[in-house]
Number of protein chains: 2
Amino acid sequence: MSIPFELLATDSKSSARLGRLHTAHGVVETPMFMPVGTQGTVKAMLPETLRQLGAQIILGNTYHLFLRPGHQLVKKMGGLHKFMNWSGPILTDSGGFQVFSLGKLRKIDEDGVRFQSHLDGSHQLLTPELSIEIQQALGSDIIMVFDECIPYPSTREYVVDSTERSMRWAKRCKQAHDRSDGSALFGIVQGGMHADLRQKSVADLVDIGFDGYAIGGLSVGEDAQTMYEVMEYTIPHLPEERPRYVMGVGTPENLVEGVRRGVDMFDCVMPTRNARNGVLFTGFGKLSIKQERYVDDPLPIDPDCDCYVCRNYSRAYLRHIYKSNEILSSMLNTQHNLYYYLQLMEQMRQALSCGTFDKFCQEFYLKRQSGVELES
Amino acid sequence: MSIPFELLATDSKSSARLGRLHTAHGVVETPMFMPVGTQGTVKAMLPETLRQLGAQIILGNTYHLFLRPGHQLVKKMGGLHKFMNWSGPILTDSGGFQVFSLGKLRKIDEDGVRFQSHLDGSHQLLTPELSIEIQQALGSDIIMVFDECIPYPSTREYVVDSTERSMRWAKRCKQAHDRSDGSALFGIVQGGMHADLRQKSVADLVDIGFDGYAIGGLSVGEDAQTMYEVMEYTIPHLPEERPRYVMGVGTPENLVEGVRRGVDMFDCVMPTRNARNGVLFTGFGKLSIKQERYVDDPLPIDPDCDCYVCRNYSRAYLRHIYKSNEILSSMLNTQHNLYYYLQLMEQMRQALSCGTFDKFCQEFYLKRQSGVELES
């Protein structure tokens with residue numbers, strides 16, 4: 001039995017859909033965006049603030065929590081939810097992506113991936129079975145299969161081999177997964193930027209059977225058009241009744257275009273990481289708060305935004321605390337950016353609910369065109 | 001006309017007193033502790049959180065705000081209260097202390113202090129008149145006179161010369177201060193660790209006449225006993241009907257001993273700075289969260305504390321996010337430490353109100369003796 005996913009509405013002019021996903025720690029409305037809580041905290045955010053901003057579910061990183069503080073310790077402390085004081089749903093990635101981006105001297109074979117920790121150089125081996133064990137020890141609500149995020153560009157030969165191995169790993173993950181805790185298991189479609197390999201990957205995963213299906217290997221350096229094409233030739237082959245998740249994506253435009261193509265779930269470090277670098281999202285485009293032009297600007301980040309930050313602080317103040325390296329700068333910038341992302345998802349859900357998603361998309365782009373002057 | 005200060009109760013067994021200070025931005029109950037907001041933010045704290053923790057008034061640093069973003073800019077943005085989103089009272093220091101601790105190549109003469117900015121090396125001159133002008137541009141509720149914080153130890157000759165100059169500067173500050181905005185002006189007693197020079201300084205200041213009187217030049221390296229002696233031979237000479245403020249002090253014990261000797265106001269970076277270094281205050285003593293012993297400790301920082309942090313997070317988690325350099329570590333540690341400091345003041349006010357201050361002091365020390373094992 002898969003975890004329940006209700007399809008509430010589908011858009012008449014696109015593949016966009018409105019849904020409701022049931023997890024062991026609560027219900028999540030889709031399409032949705034997951035703030036990333038890499039090391040057991042969404043950087044610079046209290047869990048209560050996340051909730052107030054409209055976050056329904058967050059993402060935790062298996063690679064990081066495995067290396068520090070260790071999944072056994074988190075389990076001993078009552079699981080990740082209790083450890084980090086977040087009572088809502090948590091999705092954990094498999095560690096695969098970080099092993100390849102952060103692990104040193106990594107060596108991949110049929111077993112799994114041998115690598116050295118980026119923290120202390122210790123030798124580690126991450127396998128499909130261990131990834132599942134870690135995620136279950138953390139108490140994750142949605143567990144991801146262990147796969148290789150294929151570098152871009154890669155030869156077709158490498159993509160074929162890697163994807164086939166990832167599919168074998170997906171099967172091992174399914175076998176290793178214990179459903180008794182109510183957790184869900186999602187498969188991850190690979191196949192690089194090749195339509196036939198993506199579709200083969202979908203078929204292999206559906207054959208194994210998962211609670212939901214992710215599209216991995218995007219946002220790895222390809223242009224946006226290529227990303228959208230992958231979505232277009234992959235998503236129609238996924239089971240309609242299961243949630244679809246595009247991993248590590250993306251910009252506000254990527255979210256709108258992803259939803260338009262039938263994506264239900266997203267995660268990305270962009271709103272939180274950009275915030276710490278002083279880059280703020282608005283309906284008019286991005287704004288770089290460090291710029292001299294904001295030195296005595298009494299306006300809020302976005303005059304149309306009604307978040308806590310925009311209601312109480314000027315660009316001049318936000319620039320001052322950014323330039324002064326104050327912790328409050330990361331706190332306020334992150335709060336604003338997450339509010340923007342989560343509101344964007346809420347607006348899309350509203351539009352899907354009212355049958356006005358097409359109009360929403362038109363207005364989304366119109367507003368951005370009017371604000372070119374804000375781009376950093 | 002001085003700003004109103006009501007003396008509500010005095011302790012029968014000590015010089016401790018309960019009071020109420022009226023400022024242009026609201027009433028403050030004394031004895032009280034002011035969190036330090038150096039650069040227009042109390043580090044890692046939202047203003048609303050400060051208020052919830054019981055902060056009634058905060059301190060802003062003239063030196064820092066003068067150099068960045070500049071007092072004229074803050075004034076243009078509507079003053080420091082609006083700029084930083086804090087509607088309660090603000091006390092500003094005079095910049096004197098930081099000029100001596102942070103300014104480079106500083107040169108002192110009768111005019112004031114010439115120095116180079118620690119930020120960009122620019123040449124600056126801070127005078128008593130400019131210090132008052134800056135503090136008034138910021139919109140401070142309680143303005144401090146510009147003085148020299150005398151290094152310790154210093155020769156008696158240096159202390160005499162410096163204190164006499166600070167008293168002449170105090171007079172210039174009084175003349176420069178414009179009371180029409182409702183702001184108060186406090187004098188600062190100097191005189192090093194010499195009873196006669198401290199008493200002469202008091203007499204000089206009282207002669208000029210101020211809304212309140214601070215004791216400066218403490219917490220500069222002297223031992224606690226010396227600090228208490230300075231309080232003991234200084235405070236009885238101060239006007240009883242005016243508030244007394246010991247600057248830059250101190251540990252929880254210093255606060256209790258200060259209140260016992262008749263101090264009404266304190267400020268110190270200790271709770272906030274220590275928090276960022278992982279040192280946490282409890283009724284049992286200090287606790288260094290980075291220690292290995294807390295790695296799998298499910299207890300809160302202080303099982304007797306009912307702050308947000310102690311209600312929701314384990315030592316194991318706090319150690320993990322400290323070791324992981326997470327911003328949340330500074331946020332949670334600061335929140336706990338400020339709660340501890342502000343609750344300590346609240347407990348002292350309660351005890352003074354009930355006539356049980358002596359009992360409070362006994363219990364305060366008993367509890368600390370029982371927790372020696374916590375000391376880092």
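The values are calculated or read from the model by the stated rules, or taken from the named source; none is laboratory data. Just so you know, these numbers come straight off a predicted model, no measurement behind them. Every residue, glycine among them, receives a Cβ derived from its backbone with ideal geometry; neighbour counts consider all protein chains shown.
Checking the condition in contact with a strand residue (DSSP E or B) (Cβ under 9 Å, 6 or more places away or on another chain), among the small types (Gly, Ala, Ser) and within 14 Å of another protein chain (Cβ to nearest Cβ), which residue from A:Ser117, A:Ser140 passes?
On the way: A:Ser140 fails: within 14 Å of another protein chain (Cβ to nearest Cβ).
Of the residues listed, the single one that is in contact with a strand residue (DSSP E or B) (Cβ under 9 Å, 6 or more places away or on another chain), among the small types (Gly, Ala, Ser) and within 14 Å of another protein chain (Cβ to nearest Cβ) is A:Ser117.
Criterion applied to A:Asp196, A:Asp267, A:Asp181 was being touching a Gly at 6+ places or on another chain (Cβ under 8 Å), surrounded by fewer than 22 Cβ atoms within 10 Å (Cβ to Cβ) and among the acidic types (Asp, Glu), and the one residue passing it is A:Asp181. Considered as a group, the residues in the range B:244-292 that are among the aromatic types (Phe, Trp, Tyr) and not in a loop (DSSP other than H, G, I, E, B) include one that is farthest from B:Val36 (Cα to Cα), and that residue is B:Phe281. Filtered by the rule that a residue be touching an Asp or Glu at 6+ places or on another chain (Cβ under 9 Å), closer than 17 Å to B:Asp141 by Cα and surrounded by 24 or more Cβ atoms within 10 Å (Cβ to Cβ), the range B:36-56 gives B:Gly40, B:Thr41. Residues in the range A:311-335 that are more than 7 Å from chain B (Cβ to nearest Cβ) and among the small types (Gly, Ala, Ser): A:Ser329 only. Does the range A:316-323 contain any residue that is over 21 Å from A:Lys43 (Cβ atoms) and part of a strand (DSSP E or B)? Scanning the range A:316-323, I find no residue that is over 21 Å from A:Lys43 (Cβ atoms) and part of a strand (DSSP E or B), so the answer is no. Residues being of a type in the set (S, T, N, Q), within 24 Å of A:Pro236 (Cβ to Cβ) and over 22 Å from the mean Cα position of the chain (by Cα) are entirely absent from the range A:185-193. For the range B:258-317, the set of residues classified as closer than 30 Å to B:Gly217 by Cβ, more than 19 Å from the chain's Cα centre (by Cα) and basic (Lys, Arg) consists of B:Lys286 only.
You will find that of B:Ser314, B:Ser329, B:Ser324, B:Ser370, the residue that is among the hydroxyl-bearing types (Ser, Thr, Tyr) and either in contact (Cβ under 8 Å) with a residue 60 or more places away in the chain or touching a Ser or Thr at 6+ places or on another chain (Cβ under 6 Å) (or both) is B:Ser370 and no other. Of the helices (runs of 4 or more DSSP H) lying entirely inside the range A:1-101, the ones with 1 or more residues being among the hydroxyl-bearing types (Ser, Thr, Tyr) are found at A:47-53, A:62-67, A:96-101.
Reported count of residues in the range A:294-310, each being more than 9 Å from every other protein chain (Cβ to nearest Cβ) and within 13 Å of A:Thr49 (Cβ to Cβ), is 2. Scanning the range A:341-359 for residues that are over 18 Å from A:Met265 (Cβ atoms), touching a residue at least 60 places away in the same chain (Cβ under 8 Å) and of a type outside the set (Asp, Glu) gives a single hit, A:Gly355.
Can you tell me how many residues in the range B:48-85 are more than 8 Å from chain A (Cβ to nearest Cβ), touching a residue at least 40 places away in the same chain (Cβ under 8 Å) and of a type outside the set (Lys, Arg)? Of the residues in that region, 19 qualify. Scanning the range B:131-157 for residues that are in contact (Cβ under 8 Å) with a residue 24 or more places away in the chain and in a helix (DSSP H, G or I) returns B:Ser131, B:Ile132, B:Glu133, B:Ile134, B:Gln135, B:Gln136, B:Ala137, B:Leu138, B:Arg156. The set of residues from the range A:1-47 being of a type in the set (A, V, I, L, M) and either under 22 Å from A:Leu80 (Cβ atoms) or within 14 Å of another protein chain (Cβ to nearest Cβ) (or both) comprises A:Ile3, A:Leu21, A:Ala24, A:Val27, A:Val28, A:Met32, A:Met34, A:Val36, A:Val42, A:Ala44, A:Met45, A:Leu46. Restricting the search to the range A:332-367, which residues are out of contact with any Ser or Thr (no Cβ under 9 Å at 6 or more places or on another chain) and not in a helix (DSSP H, G or I)? A:Thr356 - this is the single residue of the range A:332-367 that is out of contact with any Ser or Thr (no Cβ under 9 Å at 6 or more places or on another chain) and not in a helix (DSSP H, G or I).
So that you can scan it fast, the table gives a plain yes or no per residue for (1) outside any strand (DSSP E or B); (2) in contact with a strand residue (DSSP E or B) (Cβ under 6 Å, 6 or more places away or on another chain); (3) in the same structural domain as A:Arg20 (by TED's automatic domain parsing):
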| residue | (1), (2), (3) |
| --- | --- |
| A:Leu185 | no, yes, yes |
| A:Ile188 | no, yes, yes |
| A:Met193 | yes, no, yes |
| A:Lys200 | yes, no, yes |
| A:Leu205 | yes, yes, yes |
| A:Ala214 | no, yes, yes |
| A:Gly217 | yes, no, yes |
| A:Gly221 | yes, no, yes |
| A:Gln225 | yes, no, yes |
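Any residue that is closer than 26 Å to A:Gln56 by Cβ, within 14 Å of chain B (Cβ to nearest Cβ) and in contact with a helix residue (DSSP H, G or I) (Cβ under 8 Å, 6 or more places away or on another chain) - is there at least one of those in the range A:234-248? Scanning the range A:234-248, I find no residue that is closer than 26 Å to A:Gln56 by Cβ, within 14 Å of chain B (Cβ to nearest Cβ) and in contact with a helix residue (DSSP H, G or I) (Cβ under 8 Å, 6 or more places away or on another chain), so the answer is no. Suppose the filter is modelled with pLDDT of 95 or more and either more than 14 Å from every other protein chain (Cβ to nearest Cβ) or crowded, with 21+ Cβ neighbours inside 10 Å (or both); does A:Leu344 pass it? Here the answer is yes, as A:Leu344 does meet what is asked.
State whether the residues of the range A:232-242 include one that is farther than 20 Å from A:Gly19 by Cα, surrounded by fewer than 21 Cβ atoms within 10 Å (Cβ to Cβ) and touching a Gly at 6+ places or on another chain (Cβ under 9 Å). Steps first, answer last, please.
Of the residues in the range A:232-242, the ones farther than 20 Å from A:Gly19 by Cα are A:233.
Pick out the ones that are also surrounded by fewer than 21 Cβ atoms within 10 Å (Cβ to Cβ) and you get A:233.
Next, from what is left, pick out any that are touching a Gly at 6+ places or on another chain (Cβ under 9 Å): none.
Checking the range A:232-242: not a single residue is farther than 20 Å from A:Gly19 by Cα, surrounded by fewer than 21 Cβ atoms within 10 Å (Cβ to Cβ) and touching a Gly at 6+ places or on another chain (Cβ under 9 Å).
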